[in-house]
Amino acid sequence: MGDLLILRVVFILLLTCAGHFIQPFGLGKLSALAGLVLGIGIVLCEVRVKEVSLKRLIGAAVGSVLGIIGAYVMSLVLGRALPANTDTVPFIQIGLLLWMTYVGLVVGASKGDMLNLAALGGIFGGEKTAKHAFKILDTSVIIDGRIADIAETGFLDGVIVLPQFVLRELQLVADSADSMKRNRGRRGLDILQRIQKMPDLNVQIIEEDFPHVREVDMKLIELAKAYDCKIVTNDFNLNKVAQLHGVEVLNINELANALKPIVLPGETMRVFILKEGKEYNQGVAYLDDGTMVVVDNAKKMISKTIDISVTSVLQTTAGKMIFGRFDERTHGTYEKQHNEKHDRGHQKEQQPAPAQPAAQPASPPTR
């Protein structure tokens, strides 16, 4: 670091001395100051460019070269089409050169992250790990809305990729004649605007499509295979099909299931029996997080809160199910303990405050 600092200082001094002795543009004594400012600007540019990834540098270089070529071709056409004017034509040509070079530089740098340098092999093989930071959002996870909450917590990093065909499908849902679908589509568009406004996320909309593939899910898989990205979804079928194609999937439902409290067989829990189960003498309850609880011997306890004993827990990619058994003796014991605790608290609240001792009358003065 110290050697680099010395090199930068020497470079700035050399430009300052060159400006002092050469005196370009007829600046006279201000030439040394111009060389100093130019040297500092170049060093600041070098410090900023060092932080840019190789993909962005390649994209910026290719974009600027294409911009220069396009400006040169357009300048030739304008030079022949416009009348010879020493003031107007050169100004337009220089303006075109600067404008197209700038646009090519900016656009190339912004799209450079989508380059697959690992496919070139050789020295670009080290860029292979960086592309795993790309995550493609599908329509279902956008409409679901929980992806925005996850992004706000900071658990979602890298580059968020929004394919154009997903946006088209979302727009079709938002324009549907069905009011339910229309509301879901509009909510998805609101979620996208919310994600785009997050300063810590890099959201990119890509135009790449696969015309030979009709289904949107298969287009997502093809896009993920082309750029080796991960698909973020909550679609169970897309999750399975993508895994068969060797594409990594981040399932929001699996994340939600992993965050649910762990229940072990033998534990006792209090649930509200909501409806009758499919099997004989079963009742069904739901926890606050939506987990289904199937309770044996609870058909007659519908619309009541009971204590059950957990017998088993079934964990699948579609969710978690808890199986339990209702025992009147166990329920009676826990109900009695619960009532006693409630009565003690109630009696404590109603217990009168201890009486204050009455004030003693003052004794008459003695004569």
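Where a number appears in this text, it was derived from the coordinates with a stated rule and is not lab data. All values derive from a computational prediction rather than experimental measurement. A quick note on method: Cβ atoms are made from the backbone with ideal geometry, for glycine too, and the neighbour counts reach across all protein chains shown.
Could you pull out every residue, at least 5 positions away or on a different chain, whose amide H is within less than 5 Å of the one on Ile206? Hs are placed 1.01 Å off N in the peptide plane, and Pro or chain starts have none.
Leu162, Gln164
Return Thr233, Thr311 ranked ascending by Cβ neighbour count within 10 Å, so the fewest neighbours appear first. Show your work: numbers first, answer last.
On the way: Thr233 26, Thr311 14.
Starting with the residue having the fewest Cβ neighbours, the order is Thr311, Thr233.
Of the listed peptides 221-229, 19-27, what is their order by residue-averaged count of other C-beta atoms within 10 Å, with the highest listed first?
On the way: 221-229: 18.4, 19-27: 12.8.
Order by mean packing, descending: 221-229, 19-27.
Take the alpha carbon gyration tensor of region 1-44, find the square roots of its eigenvalues, order them as a ≥ b ≥ c, and report rounded if a/c is under 1.5; if not, report prolate when a/b exceeds b/c, else oblate. Before the final figure, lay out each step's value.
Values: a/c = 4.04, a/b = 2.44, b/c = 1.65.
Note, shape of region 1-44 comes out prolate.
How far is the Cα center of region 185-212 from the Cα center of region 214-276, in Å?
A separation of 20 Å, based on Cα centres.
Can you tell which of Gln193, Ile136, Val241 lies farthest toward the positive end of the dipole of region 128-258, using +1 and -1 charges on the Cβ of basic and acidic side chains (Lys, Arg; Asp, Glu)?
So the residue we want is Gln193.
Per the Kirkwood formula on distinct C-alpha pairs, the Rh of region 243-313 is how many angstrom? Each step should come with its number before you reach the end.
On the way: mean 1/r = 0.0724 Å⁻¹.
Evaluated over region 243-313, this radius sits at 13.8 Å.
For Cα pairs less than 8 Å apart in space and 6+ apart in sequence, what is the mean separation divided by the residue count of region 1-44, i.e. the relative contact order in percent? Could the numbers behind the result be given before it?
Working: 40 pairs, mean separation 17.1, N = 44.
That works out to 39 percent.
Return an integer: the convex hull volume of the alpha-carbon atoms of region 52-115, in Å³ per residue. Numbers along the way, then the final one.
On the way: hull volume 3.9 nm³, N = 64.
Convex hull volume per residue, Cα atoms: 61 Å³.
If region 185-300 were replaced by its equivalent ellipsoid, with semi-axes equal to the square roots of 5 times the Cα gyration tensor eigenvalues, what would those be, largest first, whole Å? Write down the numbers at each step before the final one.
Details: eigenvalues 312, 68, 42 Å².
So the three semi-axes of region 185-300 are 40, 18, 14 Å.
Between region 30-44 and region 128-178, how far is it from one alpha carbon centroid to the other, in angstrom?
46 Å
Please sort 138-147, 293-302 by packing, taking for each peptide the average over its residues of neighbouring beta carbons within 10 angstrom, highest first. Please list the in-between numbers first.
Numbers: 138-147: 21.4, 293-302: 19.2.
For the peptides 138-147, 293-302, the packing ranking is 138-147, 293-302.
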